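Visitor: Pasting a structure below so you can have a look.
The values are calculated or read from the model by the stated rules, or taken from the named source; none is laboratory data. Remember, it's a predicted structure, so these values are computed and weren't measured experimentally. Note that we place each Cβ from the backbone using ideal geometry, even for glycine, and neighbour counts take in every protein chain shown.
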Amino acid sequence: MRSLSVRAKLMLWYLLATFAGLILFGLISFGALRYALLQGKKTHLQGREDRLIAFLQENKTRGVTLPLNQQLRNYALVTHEGNLFHIHNSDGTLLFPTEAMVADWVSTDKEKDCNEPAFTTALLDHQPVLVMCHMIPLNGHTVRLHLGGALDEQFEILRIYRNALLLLMPGLLILSTACGYLLSRHALKPVDRMTRAALGIGIGNLSERLPVPSAKDEIQHLAVAWNQLLARLEAAVSRLSQFSADASHDLRTSITVMLATAQLSLHRTHRSEAEYREDLGKVVTECRTAATLLDALLSLARSDNFIHEVAFKQINLCDLVVNGCRRVEDLAESSGILLDWHLPKEPVHIEGDELLLQRLLGILLDNAIRYTPEHGEIRAEVSLTSKEALVTVRDTGIGMSEDVRQRVFDRFYQGDLRERKTQAGSGLGLSIARWIAEAHRADLTVESTPLKGSVFQIKLPLPTIPYAAESKEQAIG
């Protein structure tokens, strides 16, 4: 069953439902017809009883002097199924017909309640009969009347109806199978069209879309959902393709510069130490550029696929900022930038992942150095409020416009900052920084003024249990 197609499954379920419906219809209709025929026969027997009573009453009114037995015999002779007509006294003795034995179809059970008409079925000469038993008054006495009616006609009707159902059922099942196949084929036509269209969509033509059926049903919702997914994939692939091209260009440029510098250094003779150091400095700079780009790519892959699990532990935020600043102070000094930091008197402890927070601070400081001109200043600060710990990175760089500020955290976005002193970055750093901040339930904001600098601020939540006591113990130790 699992290996069957959806169309085959729909057809089989339709066939099963039709078969069950036919069986249910046949049983109910057969039972209803049988009930109706038996009720008709019961009504017929009650009519015969009424006619018998009326016949005897009419004879009495006309003054007929014939014995009761003779009157009943005359009635039986002119009545259909007159032989199925017996009357017993209240003591069980046979009143009519006097010369006959008690028939098999007649019940002589004295305890049987026949005050109301009671009906039973019996066999007479291997033929079914319906027998009515009823207590009626006759010549001032209460007698037990048994009237029988043959059921061969009713049973013949039921037999014909049953055979008709059995003959029609295979044909109806075949017809339902054909209808189920046609209906499933018609219902799945939109799915077939969507499948053919989906098979034709590849990485080179993500702009293609699946056909959307006009009917507002589940298939239309599925087609719309897939088209929305394709739109997101197209946008993502487009940005990744652009970024891959840019990253390839940056890496190729760095490798080309390093190769050319090394080759020139090897081929030139009688060079001074300062010249060699200058060439090595160029190689180191290009290595840092390439390493930064590769690090950004790795961090992006981790953030998108959640490979890196955030490991929260106690962190001294002041030490983190100091270590982060010292890590890039040589880079800032080589760029002619003054890097400074300001810390509170007491240590500030938070819960976080030290490696990720170092990465976040490194991104902010690297951006500040990248976009701050020579003789500029960068300042990292740690402050404390009642509910949050604040890390602020200020610079006197080129700043950014409001439009750039609104999109600066978007992945792969690079503002048109013509005043920057270095080549364009990867457009990944600040998007990764935002991901790290969100992983720490922190807010990362930026305020900036063109040509006057930018202020990035991280608002980190304080732990519910302060570390004041532990800090004091460490200070004493």
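Visitor: Need pairs with beta-carbon distance below 9 Å; first residue loosely packed, with under 12 Cβ neighbours inside 10 Å and within region 184-203, second in a helix (DSSP H, G or I) and not hydroxyl-bearing (Ser, Thr, Tyr); sequence gap 6+ or separate chains.
Guide: Sorted first by the residue in region 184-203, then by its partner, the pairs are ASP192/ARG185; ILE203/VAL237.
Visitor: If you don't mind, another one. In this structure, is SER90 more than 60 Å from the chain's Cα centre (by Cα), at pLDDT below 90 and under 24 Å from GLN127 (Cα atoms)?
Guide: No: the conditions fail for SER90.
Visitor: May I pose another question? Being β-branched (Val, Ile, Thr) and part of a helix (DSSP H, G or I) is the filter; apply it to region 165-204 and report the residue that is modelled with the highest pLDDT.
Guide: ILE174
Visitor: Going by what's in this entry, would LEU95 be described as surrounded by 12 or more Cβ atoms within 10 Å (Cβ to Cβ), at pLDDT 85 or above and part of a strand (DSSP E or B)?
Guide: yes
Visitor: Output the qualifying pairs, or none if there are none: Cβ atoms under 6 angstrom, residues six or more apart or on different chains, first residue in region 257-273 and in the same structural domain as GLU286 (by TED's automatic domain parsing) and closer than 18 Å to THR285 by Cβ, second residue of a type in the set (Asp, Glu) and in a helix (DSSP H, G or I).
Guide: Within 6 Å, the pairs are VAL257/GLU286; MET258/GLU286; THR261/ASP279; SER265/ASP279.
Visitor: Would you confirm whether any residue within region 207-217 is out of contact with any strand residue (DSSP E or B) (no Cβ under 9 Å at 6 or more places or on another chain), in contact (Cβ under 8 Å) with a residue 24 or more places away in the chain, surrounded by 14 or more Cβ atoms within 10 Å (Cβ to Cβ) and not in a helix (DSSP H, G or I)?
Guide: No - not one qualifying residue is present in region 207-217.
Visitor: Something else: Scanning region 322-350 for residues that are more than 17 Å from ILE363 (Cα to Cα) and among the acidic types (Asp, Glu), which turns out modelled with the highest pLDDT?
Guide: If we take residues in region 322-350 being more than 17 Å from ILE363 (Cα to Cα) and among the acidic types (Asp, Glu), then GLU346 is modelled with the highest pLDDT.
Visitor: Still on this structure: How many residues does region 322-358 contain that are among the polar types (S, T, N, Q) and under 29 Å from ALA311 (Cβ atoms)?
Guide: The number of residues fulfilling the criteria is 2.
Visitor: Going by the conditions given, is GLU473 surrounded by fewer than 17 Cβ atoms within 10 Å (Cβ to Cβ) and either at pLDDT 50 or above or touching a strand residue (DSSP E or B) at 6+ places or on another chain (Cβ under 8 Å) (or both)?
Guide: No: the conditions fail for GLU473.
Visitor: Suppose we keep only residues that are more than 25 Å from ILE157 (Cβ to Cβ) and among the basic types (Lys, Arg) within region 38-74. Which one would you say is modelled with the highest pLDDT?
Guide: Step by step, filter region 38-74, then rank; the result is ARG62.
Visitor: Which pairs turn up if I take residues in region 323-344 that are loosely packed, with under 13 Cβ neighbours inside 10 Å and look for partners that are assigned to a strand (DSSP E or B) with beta carbon separation below 7 Å, at least 6 apart in sequence or on another chain?
Guide: So the pair list comes out as HIS342/ARG379; HIS342/GLU381.
Visitor: I'm told PHE19 meets every condition in (1) surrounded by 14 or more Cβ atoms within 10 Å (Cβ to Cβ); (2) within 23 Å of LEU147 (Cβ to Cβ); (3) not acidic (Asp, Glu) except one. Can you identify the failing condition by its number?
Guide: (2)
Visitor: Quick check on region 110-120. Is at least one of its residues modelled with pLDDT of 85 or more and within 60 Å of the chain's Cα centre (by Cα)?
Guide: Scanning region 110-120, I find at least one residue that is modelled with pLDDT of 85 or more and within 60 Å of the chain's Cα centre (by Cα), so the answer is yes.
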